[in-house]
Each structure stands twice: as structure tokens, then as C-alpha cells.
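Peer 1: Sending over a structure as C-alpha cells; questions will come in a sec.
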Amino acid sequence: MREQDHDRLLRIKTAGIREWQHQSAHYNRYEATPYMALEALFDEYMCTNSDRFVDFGCGKGRFPFYIHHHLHVSVTGVEMSGQLYQEALENQGRYMEKVKHSRASIRFEQILAEEYEVESKENRFYFFNPFSIQIFQKVISNILLSVENHPRSVDVILYYPTPEYIQFLEVNTAFEILREVRVPELYDQNSNERFLIFRYE
């Protein structure tokens with residue numbers, strides 16, 4: 001299924017790349033995770049209805065809508081850009097017309113990732129290179145603080161993982177690599193086309 005067709009199925013518009021007008025050293029451009037990659041990830045990575053996801057740098061919301069629709073799990077999209085946040089809300093309006101009834105929730109927050117207060121039941125955290133290693137470190141620190149206050153197992157899912165993110169998790173935290181999921185068709189041309197899943201028990 002093509003990207004546009006999958007968007008149409010969910011009644012959302014998430015395609016395209018968005019460069020920032022005022023380039024920042026800390027925040028990267030908007031680009032949605034390919035649907036092909038999401039399918040590859042969730043073919044191998046299992047989750048349950050009780051899991052709660054947070055997508056840091058969610059943009060227009062493709063990842064949250066995909067997992068809400070296909071996996072029926074609750075998810076929060078965190079986005080700093082007011083424009084992308086508004087587009088996520090517009091997508092949500094159209095998407096919810098189709099969904100009608102679901103026990104799982106889907107919501108979006110316009111806030112800097114490092115200022116987002118991790119909730120006690122949130123246990124799955126998704127990153128597609130949204131920001132610099134400095135901000136990533138702060139976000140991971142917030143996640144671990146939440147775990148300290150409310151002990152639980154948590155996963156960090158990295159798509160197109162950077163060496164800096166990987167090294168920080170492996171060297172500076174108690175997260176351990178759980179698995180690698182390669183994206184068929186794409187990985188052979190580019191070895192970055194993969195997911196790395198880290199778990200903190």
C-alpha cells in the first residue's frame with residue numbers, strides 16, 4: 001500500500017518533509033516514519049492493550065494514528081512546532097470521525113520534549129531522530145525519573161538510530177538492547193533503515 005493510500009485509509013495527511021524556517025542546532029526537520037517501516041516493526045515487536053506509547057517529535061501524528069488504529073493502544077504525540085501540532089489536531093478530527101468508539105486514547109501535546117512530564121503508566125517511547133543528543137539525554141533522564149517514582153519496565157524505540165543515541169543508552173544508562181528490526185527492501189540499500197529497541201527492566 002502506498003504512503004498516500006495508507007494516509008487515506010486513516011483519513012489523515014502526514015506525507016512530506018518540513019524544514020524549519022529558522023534552522024536549529026537542536027531540532028531536526030519533520031519527516032514521517034514510512035508505513036513500510038511501521039509494518040516491519042510491529043510484525044516483530046509485540047505490545048498489549050495496557051501499553052501506553054509516547055511519540056517524541058510526533059509531527060503530524062502518523063505514528064500515533066497508525067498504532068492507535070492497528071494496535072488499539074493509547075498514545076500521546078509530543079510536538080514543539082505549533083504548525084505541526086495544529087496539523088496533528090486537524091488529522092485527529094478527521095480520524096476520530098471514522099474511529100467512533102475505542103477504549104484506547106490518542107492525544108497531542110504542544111510542548112518541548114524535555115519539558116514533557118512522563119506519566120506513571122507510559123512505558124513505550126518512540127524516537128525518529130527528532131532532536132539533538134543533548135535533548136535526548138534530558139528526555140531519557142525524565143523517563144528514568146518517572147521509572148524511579150513508579151517502577152516499571154520501559155522500552156525506548158529508535159528508528160534510523162544515530163550513533164550518539166545508541167552510545168548514550170549503552171554507556172550511560174541501564175537500558176539494554178532488546179532487539180533490532182530491519183526494514184525489508186530498505187535496509188539493503190541503507191543500513192540505517194532499522195529499529196533498535198532498548199529495554200529498562
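The values are calculated or read from the model by the stated rules, or taken from the named source; none is laboratory data. None of the values given here were measured: they were computed from a predicted structure. Counting neighbours? That spans all protein chains shown, and the Cβs are built from the backbone with ideal geometry, glycine included. Calculation scope for accessible area: heavy atoms of the full protein, side chains included, ligands and nucleic acids excluded. Shrake-Rupley method; radii C 1.70, N 1.55, O 1.52, S 1.80 Å.
Peer 1: May I ask you to say which residue of ASP43, ASP51, ASP55 is open to solvent by 60 Å² or more (accessible area, probe 1.4 Å), closer than 24 Å to ALA104 by Cβ and at pLDDT 95 or above?
Peer 2: Working: ASP51 fails: open to solvent by 60 Å² or more (accessible area, probe 1.4 Å); ASP55 fails: open to solvent by 60 Å² or more (accessible area, probe 1.4 Å).
Residue meeting the stated conditions: ASP43.
Peer 1: If I ask for residues that are at pLDDT 95 or above and of a type outside the set (Gly, Ala, Ser), which ones from the stretch 73-83 would you list?
Peer 2: First, the residues of the stretch 73-83 that are at pLDDT 95 or above: 73-79.
Across the stretch 73-83, the qualifying residues are VAL73, VAL75, THR76, VAL78, GLU79.
Peer 1: LEU38 fails exactly one of the following numbered conditions: (1) at pLDDT 95 or above; (2) aliphatic (A, V, I, L, M); (3) over 25 Å from GLN189 (Cα atoms). What is the number of that condition?
Peer 2: (3)
Peer 1: While we're here: Go through (1) more than 19 Å from SER146 (Cβ to Cβ); (2) modelled with pLDDT of 95 or more and name the single condition GLU31 misses.
Peer 2: GLU31 satisfies all of (1) more than 19 Å from SER146 (Cβ to Cβ); (2) modelled with pLDDT of 95 or more except (2).
Peer 1: Scan the stretch 131-169 residue by residue and report those that are in contact (Cβ under 8 Å) with a residue 12 or more places away in the chain and acidic (Asp, Glu).
Peer 2: ASP155, GLU164
Peer 1: Please enumerate the residues belonging to the stretch 72-91 that are part of a helix (DSSP H, G or I) and either surrounded by fewer than 19 Cβ atoms within 10 Å (Cβ to Cβ) or touching a strand residue (DSSP E or B) at 6+ places or on another chain (Cβ under 7 Å) (or both). Walk me through it before giving the result.
Peer 2: Restricting attention to the stretch 72-91, the residues satisfying the condition of being part of a helix (DSSP H, G or I) are 82-91.
Within the stretch 72-91, GLY82, GLN83, LEU84, TYR85, GLN86, ALA88, LEU89, GLU90 qualify.
Peer 1: Let me ask another. Is the stretch 185-195 home to any residue that is within 21 Å of GLU148 (Cα to Cα), open to solvent by 30 Å² or more (accessible area, probe 1.4 Å) and touching an Asp or Glu at 6+ places or on another chain (Cβ under 7 Å)?
Peer 2: Residues of the stretch 185-195 within 21 Å of GLU148 (Cα to Cα): none.
Checked the stretch 185-195: no residue is within 21 Å of GLU148 (Cα to Cα), open to solvent by 30 Å² or more (accessible area, probe 1.4 Å) and touching an Asp or Glu at 6+ places or on another chain (Cβ under 7 Å).
Peer 1: Can you run down the residue pairs with Cβ atoms below 9 Å, 6 or more apart or on separate chains, where the first is in the stretch 95-106 and under 20 Å from LYS13 (Cβ atoms) and the partner is among the small types (Gly, Ala, Ser)?
Peer 2: TYR95/GLY61; MET96/SER102; ILE106/GLY61; ILE106/SER74; ILE106/GLY77
Peer 1: Tell me which residues, restricted to the stretch 1-22, are at pLDDT below 60 and either farther than 13 Å from SER81 by Cβ or surrounded by 13 or more Cβ atoms within 10 Å (Cβ to Cβ) (or both).
Peer 2: Taking the stretch 1-22 as the starting set, the residues that turn out to be at pLDDT below 60 are 18-22.
Once the filter is applied, which keeps residues that are at pLDDT below 60 and either farther than 13 Å from SER81 by Cβ or surrounded by 13 or more Cβ atoms within 10 Å (Cβ to Cβ) (or both), the stretch 1-22 yields only ARG18.
Peer 1: Have a look at PHE175, PHE127 and point out the one that is of a type outside the set (Val, Ile, Thr), in contact with a strand residue (DSSP E or B) (Cβ under 7 Å, 6 or more places away or on another chain) and farther than 27 Å from LEU89 by Cβ.
Peer 2: Working: PHE127 fails: farther than 27 Å from LEU89 by Cβ.
Going through PHE175, PHE127 in turn, just one is of a type outside the set (Val, Ile, Thr), in contact with a strand residue (DSSP E or B) (Cβ under 7 Å, 6 or more places away or on another chain) and farther than 27 Å from LEU89 by Cβ: PHE175.
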